[in-house]
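The next block holds one structure in the form of structure tokens; read it before the comments.
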Amino acid sequence: MAVGIRKGDRVRVRSGKQRGKEGEVLRVLPGKVPGEGKVIVDGANLAKRHTKPVRATMQGGIIDKDMPIPIAKVSIICSHCGPTRIRARFDDQERKVRVCAKCGGDL
């Protein structure tokens with residue numbers, strides 16, 4: 001099990017046009033090399049998508065679409081101390097647990 005950002009985590013964008021925006025990770029797109037992957041964050045890096053109506057029931061128009069951000073440009077948010085890095089430790093049942101690098105609390 002890799003220790004990193006997962007679906008459902010609350011993250012903040014650290015650099016680029018979307019800097020400072022926070023949101024929940026909707027999807028993680030892994031890369032071939034660790035750290036090369038991308039994440040799709042709710043409300044960050046939106047693009048306008050122009051769609052045509054496909055059937056009589058579907059409506060066409062301009063739709064906001066969430067686009068991927070490199071995983072290196074986001075940092076996870078700890079509920080106690082804010083944006084942080086992730087460390088790992090083993091709990092009592094010998095399971096790997098993600099831990100905040102600043103305060104040591106579980107993520």
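The values are calculated or read from the model by the stated rules, or taken from the named source; none is laboratory data. If you're wondering where the values come from, they're calculated on a predicted model, not measured in any experiment. With ideal geometry, Cβ positions are generated from the backbone for all residues, glycine too; neighbour counts draw on all protein chains shown.
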For this session: May I ask you to list the residues in region 96-107 that are within 18 Å of Gly8 (Cβ to Cβ) and either out of contact with any Lys or Arg (no Cβ under 6 Å at 6 or more places or on another chain) or modelled with pLDDT of 90 or more (or both)?
Result: Lys96, Val97, Arg98, Val99, Cys100, Gly105, Asp106
Exercise. If you check Ile77 against the conditions, is it surrounded by 14 or more Cβ atoms within 10 Å (Cβ to Cβ) and either within 15 Å of the chain's Cα centre (by Cα) or outside any loop (DSSP other than H, G, I, E, B) (or both)?
Worked result: yes
Problem set entry | Scan of region 30-45 for residues that are over 18 Å from Ile86 (Cβ atoms) and either in contact with a helix residue (DSSP H, G or I) (Cβ under 9 Å, 6 or more places away or on another chain) or surrounded by 13 or more Cβ atoms within 10 Å (Cβ to Cβ) (or both), ordered by number | Ile40, Asp42, Gly43, Ala44, Asn45
Exercise. Is there any pair with a first residue in region 17-29 that is free of Cβ contacts under 8 Å to residues at least 12 places away in the same chain and a second that is among the β-branched types (Val, Ile, Thr) and assigned to a strand (DSSP E or B) whose Cβ atoms are under 7 Å apart and which are 6 or more apart or on different chains, and what are they?
Worked result: Arg19/Val13; Gly20/Val13
